[in-house]
Amino acid sequence: MASQEREEGTQLELEYIIGFNGHVVSGLIIHPDREHLIYPLGSTVIIESLQKRKQQFLQGHTNNVCCLAVSKSGKYLASGQVTYMGFKADVFIWDYAKREVHAKLTLHKVKVEALAFSPNDRYLVSLGGQDDGSVVLWDVMKKEAICGSPASAISAGAALTVAFSNSNDGVFVTGGNGTLRVWELDLPNRKMRHTDCQTGHLKRSVTSLAVAEDDSCFYCGTTTGDILKVNMKTKLLNSCGPEKKRFSLGVTALIILKSEEFLIGSGDGKVALCKGPNYKATKTVQLQGSVTSISLRGQGHQFFVGTDQAQIYRFNYPEFNEELFASCHSEPINDIVFPFGTSELFATCSKNDIRVWLNSSHKELLRITIPNMTCFAIAITRDGKCILSAWDDGKIRAFTPESGRLMYIIENAHSMGVTAIALSNDCKRIISGGGEGQVRVWEIGKESRWLVQSMKEHKSSVSCINVKSNNRECLTASSDGTCIIWDIVRFVRLQMILSNTLFRCVCYHPEEFQFLTSGTNRKIGYWEVFDGSVIRELDGSLSGTINGMDISSDGLHFVTGGDDKLVKLWDYNEGEVSHMGIGHSGSISRLKICPLSRCIISVSTDGAILRWNYPFPV
């Protein structure tokens, strides 16, 4: 009971999220009010104002949001989620003006594949994933299901996408792997009747649908990179193109403009402006990552494009040139660090890259990319002249913070990848930890770097390193269940603590007479530096490993985060949670209190960066 009470604290104020799940097909939507951008991140739906870049969060899903839809009037927003085998996946209808849940609809199993509102906001149609295979029609006002049906024939594959007619509440289209159907509602009998479209000898997998404004026909984007035009009345294939130059890696997004031109996004990252029937591209732009969403602002004078590399681009239609509107990591983030004494900037690292962010505007200032490598840890020298990074290929790389230019590489620093890194305060030494458990001290000269000493006591990978302010001692934590205090002048072990856990994080109290540890056993340990004795132990979490920890500069509070996705701010002396932050959808991998104690930044395995208001101003 005591631990339950300790879990509860005042809510931390979430100020901003940097992140976008670009893998959600058609997951980036401009609201009909033209002022807001809607997109998913984990189990949260984010509404962001385009002018002020202010965000609001819709939270209620228990797992990742995998599809979104907005009604034509903009009054309603619908989001569907994925869940585990054997469980039901929810659809939420949100009241857009109130920013609250209008209805929670539960019928589909495992995953909701796609959603679409009828033109007059009366109905919502939802498509279940391949484990569910059904299409369901919901009454939006009554908040109940009207009827359901298998989405495709037994001989065909799963349905993947759905689109409503533009003017008729009683007609919609579904498409998927070898299936293309037009549905007509028979409301008095609570039934929906389908007609399979005849495509002749063509066998296609439909990934995107667009209905012509007058409802005379509809267009289907396919995985083979061509577009089918089908007559809505006769359900017959009208044409198919382009014949020769198909869109590489499939048509992943398809929009019809008022000018009867098409905006087409493809799997190889191209956005093209085309005209039927041959779909020859008149303008093309290459983006980073596969295009998953295209959304028009107003009549299409401006449009936004989302890619699976978590990039959001803004286009102006007349010039057809792209501008990077927002970006984030698309892979798990492994570390975050602030430069000494400033809260203006911070750096994060992930697979392939290191990024530097401006804290006030959340803009990406610099990106350093090393393809096909993973950066495990980063550190910034106290003078701010160098970003040091630890990589899984066993190298330590140093970059300039302004340009991202490579300054030097320490080759073969560790045989099983460099897993942790720290710097002495005089910027003369690097302390690195490796996957094989060695702790190494490197001297940094003007022109050269050399190994001073290698210390082998840990039996498994080093997860965290802290250096004492006098540069004479350092503290290392390892997943072998030991923490060691080293003398880095004589290179001997001073103290060693053992615990039945895989240590994930360790940090000195600012006065350096005590240190904190945590890891897989969910316990937070207070230890004496002098003799390595345990002072106290707290239950840090009710479920899941604690992966990150940081202590405030005054030593009065510390913050933890881990697999339970909660940011917890603790009173150091009382040993109790004072504030808690709910907002992450993935496991928290690291977090930091900024040097000026204004905010807490936490990063997670879903590529999200969250900024929280720090409630105790110094």
If I filter region 293-317 down to residues being crowded, with 19+ Cβ neighbours inside 10 Å and either within 15 Å of the chain's Cα centre (by Cα) or basic (Lys, Arg) (or both), which single residue comes out as farthest from Pro332 (Cα to Cα)?
Arg297
Condition first: closer than 19 Å to Gly27 by Cα and open to solvent by 10 Å² or more (accessible area, probe 1.4 Å). Now tell me which residues in region 211-248 satisfy that.
Val211, Thr223
Looking only at region 405-429, count every residue that is open to solvent by 10 Å² or more (accessible area, probe 1.4 Å), assigned to a loop (DSSP other than H, G, I, E, B) and either touching a residue at least 40 places away in the same chain (Cβ under 8 Å) or of a type in the set (D, E, K, R) (or both) and tell me the total.
7
Do we find a residue being over 18 Å from Ser293 (Cβ atoms), in a strand (DSSP E or B), modelled with pLDDT of 95 or more and out of contact with any Asp or Glu (no Cβ under 7 Å at 6 or more places or on another chain) anywhere in region 69-88?
yes
Specify the residue that is farthest from the chain's Cα centre (by Cα); the eligible residues are those in region 371-417 that are under 25 Å from Asn547 (Cα atoms) and polar (S, T, N, Q).
Ser415
Only residues that are at positive phi and outside any loop (DSSP other than H, G, I, E, B): list them for region 333-378, please.
Asn352, Asn372
Determine which member of the set Asn189, Asn168 is within 21 Å of Ser73 (Cα to Cα) and more than 29 Å from the chain's Cα centre (by Cα).
Asn168
Pick from Leu209, Leu228, Leu263, Leu202: which is touching a Ser or Thr at 6+ places or on another chain (Cβ under 6 Å) and either assigned to a strand (DSSP E or B) or closer than 21 Å to Thr174 by Cβ (or both)?
Leu209
Within region 555-599, can you find the residues that are of a type in the set (Lys, Arg), touching a residue at least 40 places away in the same chain (Cβ under 8 Å) and closer than 23 Å to Cys464 by Cα?
Lys568, Arg590, Lys592
First in region 470-497 and charged (D, E, K, R), second anywhere and open to solvent by 30 Å² or more (accessible area, probe 1.4 Å) and not in a strand (DSSP E or B), Cβ under 7 Å, 6 or more apart:
Arg472/Val489; Asp480/Lys459; Asp480/Ser460; Asp487/Arg472; Arg493/Glu457
Residues that are β-branched (Val, Ile, Thr) and open to solvent by less than 30 Å² (accessible area, probe 1.4 Å): which strands (runs of 3 or more DSSP E) entirely in region 503-618 hold 1 or more of them?
503-508, 514-519, 523-528, 546-551, 557-562, 566-571, 576-582, 588-593, 599-604, 609-613
Sole miss for Lys258 among (1) in a strand (DSSP E or B); (2) open to solvent by 30 Å² or more (accessible area, probe 1.4 Å); (3) touching a Gly at 6+ places or on another chain (Cβ under 7 Å) is condition (1)
Restricting to region 7-45, what's the tally of residues that are out of contact with any His (no Cβ under 6 Å at 6 or more places or on another chain) and in a loop (DSSP other than H, G, I, E, B)?
18
Residue under question is Val356, and the condition is that it be surrounded by 15 or more Cβ atoms within 10 Å (Cβ to Cβ), closer than 30 Å to Gly74 by Cβ and touching a residue at least 12 places away in the same chain (Cβ under 8 Å); does it hold?
no
Please indicate, with yes or no, whether at least one residue in region 430-441 is outside any loop (DSSP other than H, G, I, E, B), hydroxyl-bearing (Ser, Thr, Tyr), touching a residue at least 12 places away in the same chain (Cβ under 8 Å) and open to solvent by 30 Å² or more (accessible area, probe 1.4 Å).
no
What is the one condition in (1) farther than 26 Å from Phe164 by Cα; (2) touching a strand residue (DSSP E or B) at 6+ places or on another chain (Cβ under 9 Å); (3) modelled with pLDDT under 95 that Ser49 does not satisfy?
(3)
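The values are calculated or read from the model by the stated rules, or taken from the named source; none is laboratory data. The shown structure was predicted, so the numbers you read here are calculated from the model rather than taken from an experiment. Glycine also receives a Cβ, built like all others from the backbone with ideal geometry; neighbour counts cover every protein chain displayed. Side chains are part of the model used for accessible areas, which takes the heavy atoms of the whole protein and leaves out ligands, DNA and RNA. Shrake-Rupley method; radii C 1.70, N 1.55, O 1.52, S 1.80 Å.
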